[in-house]
Structure formats: C-alpha cells, structure tokens
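Report on one structure; see the data block that follows.
The values are calculated or read from the model by the stated rules, or taken from the named source; none is laboratory data. These numbers come from a predicted model, not from an experiment. Neighbour counts are summed over all protein chains in view; Cβ atoms, including those assigned to glycine, are modelled from backbone coordinates with ideal geometry.
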Amino acid sequence: MRRVLLLVTVITLSVPAFGVEPSENAGRRGTYQCTTGNATYKYYVCVPKSYADDNPAGLHLFFHGQGVPRGPGFGAWSKHFLEPFNLIGINMHYTDGDNSRDTEGKVAAAVEAIQQTIADYKIIRGRGVVCSFSGGGLPHALLASKYAKRPVKRGAWPFNHSAPYGSNYRTNVWGLATMSWFLGLGEKEWNLAGAGLGRSQTKCTEELYREAVKGRCPDVYLKITKGKGHSISEGDRVDSAKGFRRSDLAFCAFLYADGFAEKELQPIVKRANDLELGRAAKAVETLLKNPKLDAALRKKAERVRDRIASRSEAVIKLSAELVENDVVLANYYGKRFEKQLKGHPREAELKKILAPVRKKERSTRAMLTPFASVTKFFTDAGRLQPGVASGLKKVRSKAGENSLLGKMATEFLALQ
C-alpha cells in the first residue's frame, strides 16, 4: 500500500493521494497526535482557533532537530504563525530521533501527514510554511528537492514560505517553486554540523540571490544574530512571519474553491484565486446587482465580495509599508500587486503609492548583486572578510536600514 501511495505523491503533495480519505480526526479541534504508516514516524496536528468551515486554513509544517521532541511544541508557532495567519500546524515527531537515518522514509511520512491533513480539513492549497531546525534541515531539503522543483503546478506545492532555522539544509535551492525565504543563523553556531551551518546557510542564500538578480523573488533574509547559539529566537520567528505575510499576499489563493460550487460563483472565485482582484471584484458586484438573486446565493456572493475587499486592503497596506521601508521589495511585489488590482476601484490609489519607487527600479536590481556572492563575505570562522564593510554600508544606505538588505548589512557588519 505504501508503494502505491508514494508513486501517486510524486505527482502532487496538495491533492490527497488515491485512497486518502478523511480520518476519524476530520474537523477535530485542538492539538492531537497521529501515527503514519511507519509506527515510529508520528506527527502532531494543531488547529488554530481562527479555523472554521467558512475560514479555511493554510499549513505550517515543521521538522524538528536531532533527538526526540518532548511534546507537540506548538507554543511559539501558534503565537507567530498559526493564529495570526490561520495555519494548521503539523509538527513531525520522529521517535528514533535521527533525521539522517532513513531520511527518505521520514519525508514519505511528512507527505502522508500533509495529505491526511488536507483530507481532514478545508485547506487552501499552495498557502503555507515549511520550516526546520538543525538536523530537520535534512528532510526539509529532501522534501523540497523532490516536490518543489520548477515547473510545479500552482497549488501542487503546499508552501509559499520556506524557513530553515539554523538547519542542516545542504541541498541546492535554485530551481524551486517561488517562495519567500528566511534563513536563521546564530554567530555561535557557524561551525556546527560538520562543515558548518554558516557555510550551508550562506550557500543557500547565495543561490537564491543569484536567481533574484535574474528577476525571481528577492524576499530572502539571511538573519545572522551576533552572540546567538543553536536555537530559534523570538526575533527569528517574528521576521520569518513577516516574510510569509508578504509572499502570502503576492502568490497565494485565499478562497476555498471547493466551497463555491454554484455556477455563478465559480468563475468569480477562480479569478480571485488567480489574483485577478480587479476583475473578480467587478464580476461579483455585477452579480449582486441582480434583484432576483437567490437569498442564499446572495449571502455567499457578499462573503466573496467582502473577502476580495479585505484582500485588496491588505495589498494596499503592505505596499505602503514596503515603499516606506524597502525599495527592492516594493518594486518586486509592487508589479504583482498592480496586476492584482488592475481594473479595481483602488487601482489608482495603489499606483500613487508605488510611484516613488518606480523610478528606482533599475538601481534596485544592482543592490541585489553583491548578495549573489554572499559566501565570499565571511571567513571560515564566520568573521566578515576585510574589505567587505564599505560595500555593505553603501548597500544599506541605498536600500534603507529597515529593508531586508539593510538589516542583513547591519547584522553582517556586527561580525567584523
């Protein structure tokens, strides 16, 4: 049975595999443990209070480090991700405590956990976080390399944000589905894990920025914290959550399509989930002008209208924040947000907000270039190389101290 399941899951992670039906836990609230086809590979599920049948969720998958977790471990994840962003948490629980042993089998168990959770709850496909700590980077990396390689169909890869927190993530990250990235690293863990977490984290960052220079997503934050050891800090989670928020609005569907079977609503919901907010808003308003519209259908259409309006407001708000703080991300995401609001009543408002950064578009690409060689910034001991500081100060000045590039420059300079 497991062989059949694995052959099917090669196609997609997001649609439940053949034979995966809702379990006895379907719709269950709170936190509980499940066992996979391998009795030693378990996982915990945490359903946020924000989840409801009319408020479907995304996913948050976490791979723990070496050793056996003491419990579910959702406290900090709930605070920063599950509750504020309405994500159902899946924490893998490998009872042998060794991510380097049977990593393929551990990834298969994670796929099983993802698919069963999708079968048990209303999940918006393609919206989620995949993250890891320490040795959990091994299954994290293998999962991505197996299922996230481009071209991957929209929604088939369940995640829009990837976060290796001090993780032993040593697989190439170029060529993966478009995501935002947070890579956490403590100064004192630079040389952990054989060749060193410092080298593997900077290598991943370098690959991502090489792609960003060519036009792919530049929302990549290598956060090196001076004095920090091998841990996930509060600041790591806060900054990672900010990255998820940005890419969620830029890349992800936000309506549960299966919940709108009516022929009048299906094309509207599809446009909304394709992030054609202007066209979707216009279409739903046209539908609502029909005085003969069935009362139940009108109520659902009003909910769609309100969700589109809320989404548009969130896009406007984020755009204003980025223009103020991060010219690089404002340019990258701004282009996508303008497409989303084309023909929307707030289109002109968004264009006015983004106007100041449009003139800086060419210079923003140049700001990314130094980070496409970030591995050369540091010595083997994790100190900043001589001669790098002046360039980092220039980037910080141009990009802004509160931008991702500015923050990285400041944190790198602290390692002199």
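Do we have any residue at all in region 55-69 that's in contact with an Asp or Glu (Cβ under 9 Å, 6 or more places away or on another chain) and among the polar types (S, T, N, Q)? Yes, region 55-69 has at least one match. Give me the residue from region 177-196 that is in contact (Cβ under 8 Å) with a residue 60 or more places away in the chain and closer than 22 Å to residue 144 by Cα and, out of that set, surrounded by the most Cβ atoms within 10 Å (Cβ to Cβ). Filtering region 177-196 for residues that are in contact (Cβ under 8 Å) with a residue 60 or more places away in the chain and closer than 22 Å to residue 144 by Cα, the one surrounded by the most Cβ atoms within 10 Å (Cβ to Cβ) comes out as 180. The lone criterion from (1) of a type in the set (S, T, N, Q); (2) surrounded by fewer than 24 Cβ atoms within 10 Å (Cβ to Cβ); (3) under 23 Å from the mean Cα position of the chain (by Cα) left unmet by residue 99 is number (2).
The condition (being under 30 Å from residue 263 (Cα atoms), in contact with a Ser or Thr (Cβ under 8 Å, 6 or more places away or on another chain) and crowded, with 20+ Cβ neighbours inside 10 Å) is satisfied by just one residue among 329, 341: 341. The set of residues in region 284-339 that are in contact (Cβ under 8 Å) with a residue 40 or more places away in the chain and among the small types (Gly, Ala, Ser) contains only 314. Checking the stated criteria, residue 229 turns out not to satisfy the condition of being assigned to a loop (DSSP other than H, G, I, E, B) and at positive phi.
Restricting to region 244-258, what's the tally of residues that are assigned to a helix (DSSP H, G or I) and surrounded by 15 or more Cβ atoms within 10 Å (Cβ to Cβ)?
Of all residues in region 244-258, those assigned to a helix (DSSP H, G or I) come to 244-251, 257-258.
Restricting the remaining residues to those that are surrounded by 15 or more Cβ atoms within 10 Å (Cβ to Cβ) gives 244-251, 257.
Qualifying residue count for the region: 9.
Entry remark, region 262-291: residues being within 21 Å of residue 127 (Cα to Cα), more than 25 Å from the chain's Cα centre (by Cα) and not in a helix (DSSP H, G or I) number 0 in total. I'd like to know if region 202-214 contains one or more residues that are out of contact with any Lys or Arg (no Cβ under 7 Å at 6 or more places or on another chain), crowded, with 21+ Cβ neighbours inside 10 Å and either under 22 Å from residue 99 (Cα atoms) or modelled with pLDDT under 95 (or both). There is at least one residue in region 202-214 that is out of contact with any Lys or Arg (no Cβ under 7 Å at 6 or more places or on another chain), crowded, with 21+ Cβ neighbours inside 10 Å and either under 22 Å from residue 99 (Cα atoms) or modelled with pLDDT under 95 (or both). Taken as a whole, region 131-140 holds at least one residue that is under 27 Å from residue 255 (Cβ atoms) and in contact (Cβ under 8 Å) with a residue 12 or more places away in the chain. Condition check: of a type in the set (A, V, I, L, M), touching a helix residue (DSSP H, G or I) at 6+ places or on another chain (Cβ under 8 Å), surrounded by 16 or more Cβ atoms within 10 Å (Cβ to Cβ) and not assigned by TED's automatic domain parsing to the domain that holds residue 241. Does residue 413 satisfy that? So residue 413 does not fit the description; no.
Residues that are among the polar types (S, T, N, Q) and over 24 Å from the mean Cα position of the chain (by Cα) were ranked within region 18-32; the one that is surrounded by the fewest Cβ atoms within 10 Å (Cβ to Cβ) is 23.
In region 233-243, the count of residues that are outside any helix (DSSP H, G or I) and either at pLDDT 95 or above or assigned by TED's automatic domain parsing to the domain that holds residue 193 (or both) is one or more. Of all residues in region 142-173, those that are surrounded by fewer than 23 Cβ atoms within 10 Å (Cβ to Cβ), assigned to a loop (DSSP other than H, G, I, E, B), more than 16 Å from the chain's Cα centre (by Cα) and of a type outside the set (Lys, Arg) total 3.
Is it true that residue 357 is more than 25 Å from residue 247 (Cβ to Cβ), among the β-branched types (Val, Ile, Thr) and not assigned by TED's automatic domain parsing to the domain that holds residue 213?
Numbers: more than 25 Å from residue 247 (Cβ to Cβ): no; among the β-branched types (Val, Ile, Thr): yes; not assigned by TED's automatic domain parsing to the domain that holds residue 213: yes.
When the stated conditions are applied, residue 357 does not pass them.
Within region 88-96, not a single residue is in the same structural domain as residue 117 (by TED's automatic domain parsing), part of a loop (DSSP other than H, G, I, E, B) and crowded, with 18+ Cβ neighbours inside 10 Å.
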